[in-house]
Amino acid sequence: MLGGMLTTVTSTHCPYCALQCGMNLRPAGEGGEGVEVVERTDFPVNRGALCGKGRTAPAVLSSRVRLAGPLVKNPATGELEPATWEEALRAVAEGLRRTRDGHGADAVGVFGGGGLTNEKAYTLGKFARLVLGTSQIDYNGRFCMSSAAAAHQRAFGLDRGLPFPLEDIPRTGCVILVGSNLAETMPPALRYLTELKENGGRLIVVDPRRTRTAEQADLHLAPRPGTDLALALGLLHLVVAEGRTDDDFIRDRTTGWPDARAAAMSHWPALVERITGVPVPQLREAVRVFCEPDNAMVLTARGPEQQSKGTDTVGAWINLCLATGRAGRPLSGYGCLTGQGNGQGGREHGQKADQLPGYRKLDDPAARAHVAGVWGVDPDTLPGPGRSAYELLDALGTDIKALLLMGSNPVVSAPRAAHIQERLESLDFLAVADVVLSETAALADVVLPVTQWAEETGTTTNLEGRVLLRRRAIQPPEGVRSDLEVLHGLAELLGWEKGFPTDPEEVFDELRRASAGGPADYAGISYRRIVEEDGVFWPCPEADHPGTPRLFLDRFATPDGLARFVPVTHRAAGEETDEEYPVVLTTGRVVSQYQSGAQTRRVAELNAAAPGPFVELHPRLAERLGVAEGEPVAVVSRRGRAVAPARITTGIRPDTVFMPFHWPGEGRANTLTNPALDPTSRMPEFKVCAVRLEAAARAGGQAPGAGRAADQAAGRAAGG
Ligand SMILES: Nc1nc2c(c(=O)[nH]1)N[C@H]1C(S)=C(S)[C@@H](COP(=O)(O)OP(=O)(O)OC[C@H]3O[C@@H](n4cnc5c(=O)[nH]c(N)nc54)[C@H](O)[C@@H]3O)O[C@H]1N2
Ligand SMILES: Nc1nc2c(c(=O)[nH]1)N[C@H]1C(S)=C(S)[C@@H](COP(=O)(O)OP(=O)(O)OC[C@H]3O[C@@H](n4cnc5c(=O)[nH]c(N)nc54)[C@H](O)[C@@H]3O)O[C@H]1N2
Ligand code: SF4
Ligand SMILES: [Mo]
């Protein structure tokens, strides 16, 4: 049952992706106890447009699909059974305390999410460091945009996904969109690219698949997955060879060009064609289209970033921007299209292993002193940096014996998921706070059901760095509590009477103070300003500061104000194809499901549109394998085997197959993926691993050797 009655229309934002579309909610349902989404045209980012996920988001508020009350595992039966909140919170506090007392504070881990509001992410980080005293906290954003974040830091001294608002895109001359399928992952944002073309600007899309986004492009480059680094270096080589560098910009605004230039010059066009599969004439055309207009942008998303060389890859695209003077100037620059609802804010306020609020570094003594001051503790009591997300999950059951998880479903979304599932099962104690019984929550000792977007207030920071307010439109049902209430209750049971308020605005005001003077400075932002100004762009250090929609126009955020070229060279993926595993698997998304699917797989309309997993493959590969459209294909990697129906299309490279990762079970793409980590960002290589294919119907046993023959066929197709 849903709670109290809603009387007026409430302006708020979508619970899902980083576009954070504005929407209005109004009462719906027989007794007016539910809500429905109605158009909100006054919010500039989406101007009323929504995708199907946003439109149907209220369906997850229904008692039919959500958790109604806490669950505690009965040790006798191993089954989760209903419990009171008092019992559940006591069980969690007890589980965490027992582990800490027996094995030390670092035996307790915390895993957060980029979907959590700023208030929740901030409180979760504070809870881990103060109440639990553990260094072992990280979050799923590590799996998302961490490589772009690291490259941003390295080149510009600051990481904000887009250094300019989306509204600048239609006014530039050319956009290179690298590994983003915007048409499916942020549909209302496609408008910016359409307007770009209407204004005479050009669009280049880099994707191994001819996606709905690539279909919009003037030029589509389809590299072999995992070769974007070589591609960007090849383009930079041609920029130099054709005399298209902006030497004044390089001299006045950057450092490190000679080394970066030398590194690029060893990537000859013919070599780059051989590595990437992109023909030299297309490379030349891309350089011409990018360099001819006065302004241009490069935007990356998960394609080039989710690689074991993602940081260097993004670095190479940044180098291309810097060498051509397309950064730190109006209508030009590099940006990363962040993914999760609070993908930007969630990486700024301390749920990351090495971080304190305001995007401060945990190992910086001044940062520790400042934040400890706000928290009223001795800086020496703050733990140091911990492990990255995959390393943390991989340590479950060994070094880390208890875990508190809030806002992620790693059983479906972590790389090498069968192994991670085993690690989760081997824990002494697992507590999960979620809105539904996700695949990960189902493994927990205690499940804490929490309120959802429309039932609570909090801020998110969208992909532009615009801080927004989501507002409560409806009373939550009886049996659930907010994440802030959960952390407050646990803190109290663990001896912290104060310091964990449950009122989001009170938390935000503390976050403002904690972030003051840091790189992501929210000090001047208030709930009231956000509402009055359609969001406020950080940094915003003072109440009378206008916020900063555009960064780097005068100087970059490095100590000397100059952008830093980083010399990078191409290297192989963590796992290359070979005779046994001759095909490249890449993974990603479809428009009608979100992430691990925990929420969207519970919405009938979305399931009708995207009912299950599939393996996208080229007709040539399908034919040699002997599978027809819709027939089951087994995809086998060194980590495991997944089976899903074939979806045959000429829109993919013949040496590559694609699987979306939204489903658990037999078709789980992450059973296959390789957790090779980027050395800087610790991003796992979701976008590249080596697999072989088998026609699953025949590989079952009746025809021994058939699978093997099919593998070899796949190998020939891949080679050809
Ligand atoms: N419908 C929907 N929308 C979403 C989400 C969702 O789950 N569903 N999730 C949100 C989140 S958290 C994120 S991070 C964003 C992600 O948004 P995107 O990055 O747009 O999504 P992906 O589908 O992961 O990857 C984009 C493209 O990268 C391509 N690709 C694969 N390998 C490579 C490669 O080696 N190089 C290049 N250049 N491209 C490659 C894929 O073919 C794919 O078309 O979407 C957000 N929006
Ligand atoms: N193979 C492959 N794997 C990938 C990717 C890929 O491209 N390929 N992409 C990666 C990327 S970019 C991402 S971002 C991750 C995402 O993968 P996950 O981290 O699994 O993200 P979600 O599915 O959004 O999980 C969020 C969970 O938290 C719950 N939840 C939602 N809101 C709240 C809240 O406010 N509080 C609490 N307590 N719970 C909440 C949801 O119901 C859901 O169960 O997947 C990664 N995995
Ligand atoms: S594009 Fe993203 S924010 Fe907008 S409605 Fe869809 S999921 Fe929600
Ligand atoms: Mo993401």
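In terms of the Cα gyration tensor, with a ≥ b ≥ c the square roots of its eigenvalues, is segment 146-336 rounded because a/c is under 1.5, prolate because a/b exceeds b/c, or oblate? It comes out rounded by the Cα gyration axes. Around residue 133, what is the net charge, scoring Lys/Arg as +1 and Asp/Glu as -1 over all other residues with Cβ under 11 Å from its Cβ? Around residue 133, the charge tally is +1. For segment 370-387, the Karplus equation 6.51 cos²θ - 1.76 cosθ + 1.60, evaluated at θ = phi - 60°, returns couplings of 4, 5, 4, x, 5, 7, x, 10, 6, x, 5, 7, 6, x, x, x, x, 7 Hz by residue, with Gly and Pro reported as x.
At a Förster radius of 41 Å, what calculated FRET efficiency corresponds to the Cβ-Cβ distance of residue 425 and residue 492, to the nearest 0.05? The computed FRET efficiency comes out at 0.85. Rounded to the nearest 5, what % of DSSP beta bridges with both residues in the chain are antiparallel? Looking only at bridges with both residues in the chain, the antiparallel portion is about 50 percent. Protein heavy-atom surface of the chain, 1.4 angstrom probe: 48% of the accessible area is carbon and sulfur, with nucleic acids and ligands not counted.
Between residue 28 and residue 292, the distance separating the two model label sites (each 7 Å from Cα on the Cα→Cβ line) works out to 4.7 nm. Computed about its Cα centre, the charge dipole of segment 146-336 is approximately 300 debye, with only Lys, Arg, Asp and Glu carrying charge at their Cβ. Cross-link pairs exceeding 28 Å in C-alpha to C-alpha distance, out of 73/401; 352/401; 120/498; 401/687; 53/401; 53/498, comprise 401/687; 53/401; 53/498. The slack between residue 266 and residue 195, meaning 0.36 nm per residue of separation minus the straight C-alpha distance, is 21.8 nm.
Using the Cβ-Cβ distance between residue 76 and residue 542 with R0 set to 51 Å, the FRET efficiency works out to roughly 0.30.
Taking a ≥ b ≥ c as the square roots of the eigenvalues of the Cα gyration tensor, segment 583-717 is classed as oblate, since a/c reaches at least 1.5 and a/b does not exceed b/c. Every helix of 4 or more DSSP H residues in the chain counts as -39500 (n - 2.57), and over all residues that averages to -8500 deg cm²/dmol at 222 nm.
Charging the Cβ of each Asp and Glu at -1 and of each Lys and Arg at +1, and nothing else, the dipole of the chain about its Cα centre rounds to 1360 debye. When you count the other C-beta atoms within 10 angstrom of each residue and take the mean per peptide, 437-443, 376-382 line up highest first as 437-443, 376-382. Given R0 = 22 Å, the distance between the Cβ atoms of residue 240 and residue 285 translates into a calculated FRET efficiency of 0.80.
Peptides 228-236, 177-185, 536-544 ordered by packing proxy, namely the average of other Cβ atoms within 10 Å per residue, highest first: 228-236, 177-185, 536-544. Computed across the chain, the Kirkwood hydrodynamic radius from all distinct Cα-Cα pairs reaches 25.9 Å. Since only 652, 595, 608 are under comparison, the one whose Cα sits farthest along the positive direction of the charge dipole of segment 583-717, derived from C-beta charges on Lys, Arg, Asp and Glu, is 595. Projected label points at residue 103 and residue 478, each 7 Å from Cα along the beta carbon direction, are separated by 3.8 nanometres.
Each Lys and Arg Cβ is given +1 and each Asp and Glu Cβ -1; about its Cα centre, segment 340-431 then shows a dipole of about 260 debye. Using C-alpha pairs under 8 Å with a sequence gap of at least 6, the mean separation divided by the residue count of the chain gives a relative contact order of 19 percent. For segment 583-717, the relative contact order comes to 32 percent (Cα pairs under 8 Å, sequence separation of at least 6).
Positive end of the dipole of segment 138-216 (Cβ unit charges, origin at the Cα centre): among 153, 203, 143, the Cα lying farthest that way belongs to 203. Extending 7 Å from the Cα toward the beta-carbon at both residue 65 and residue 36 defines two label points whose distance is 1.7 nm.
When only Cα pairs below 8 angstrom with a gap of at least 6 residues are kept, segment 37-186 shows a relative contact order of 13 percent.
For the chain, the solvent-accessible area of protein heavy atoms averages 33 Å² per residue (probe radius 1.4 Å; ligands and nucleic acids excluded). Look at the dipole of the chain built from charges on Cβ: of 327, 11, 177, the Cα furthest out on the positive end belongs to 177.
The values are calculated or read from the model by the stated rules, or taken from the named source; none is laboratory data. Treat the numbers as computed from the prediction; the structure is a model and nothing was measured. Backbone-built Cβ (ideal geometry, glycine too); neighbour counts: all protein chains shown. The protein model used for the area step is the full one, side chains on, heavy atoms only, and it has no ligands, DNA or RNA in it. Shrake-Rupley method; radii C 1.70, N 1.55, O 1.52, S 1.80 Å.
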